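The values are calculated or read from the model by the stated rules, or taken from the named source; none is laboratory data. Keep in mind the model is a prediction, meaning the values are calculated, not measured. Don't worry about glycine lacking a Cβ; one is built from the backbone with ideal geometry, like all the others, and counts go over all protein chains shown. Accessible surface is based on the protein model in full, side chains and every heavy atom, while ligands, DNA and RNA are left aside. Shrake-Rupley method; radii C 1.70, N 1.55, O 1.52, S 1.80 Å.
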Amino acid sequence: MIQNADELRICQRRLLELQTRAEQIVTHPQKSRRVKEMELAGVHGMVEQLQREIQAYELARIQHSIHILRDELQGIEAAKLPAVIQKTLDVLEEVTHVLQPVSGS
């Protein structure tokens, strides 16, 4: 499980490496189809695990942002409301990004 931004970056880098590896497996001219399928199954499993971990981390970060916004709304002055609404919209946009299905896997 990812605990901080450094671990997130490491996970993202590893994900890119695995995606590159999957591409190399597919395009390798000397491997049989069966060998490619077996290797790809393992790589795809690792890719999916990393994607789940990254998504869980991002969702936890969003949940934290929502709690902060909720606290900001307690007794807020009307003049500060537009700024909090903008922050809320930014968080919602981030939610839609995190929840989009990953393409290419």
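Would a scan of region 53-72 turn up a residue that is within 24 Å of the chain's Cα centre (by Cα), among the polar types (S, T, N, Q) and under 15 Å from residue 15 (Cβ atoms)? Yes, that holds for at least one residue.
The numbered conditions (1) over 21 Å from residue 9 (Cβ atoms); (2) modelled with pLDDT of 95 or more are all true for residue 47 except (1). All of (1) under 15 Å from the mean Cα position of the chain (by Cα); (2) open to solvent by less than 40 Å² (accessible area, probe 1.4 Å); (3) over 19 Å from residue 3 (Cα atoms) hold for residue 50 with one exception: (3).
Quick one: count up the residues across region 4-42 that are open to solvent by 100 Å² or more (accessible area, probe 1.4 Å) and in contact (Cβ under 8 Å) with a residue 40 or more places away in the chain.
First, the residues of region 4-42 that are open to solvent by 100 Å² or more (accessible area, probe 1.4 Å): 9, 13-14, 16, 23, 29-30, 33-34, 38.
Remaining after also requiring in contact (Cβ under 8 Å) with a residue 40 or more places away in the chain: none.
Number of matching residues: 0.
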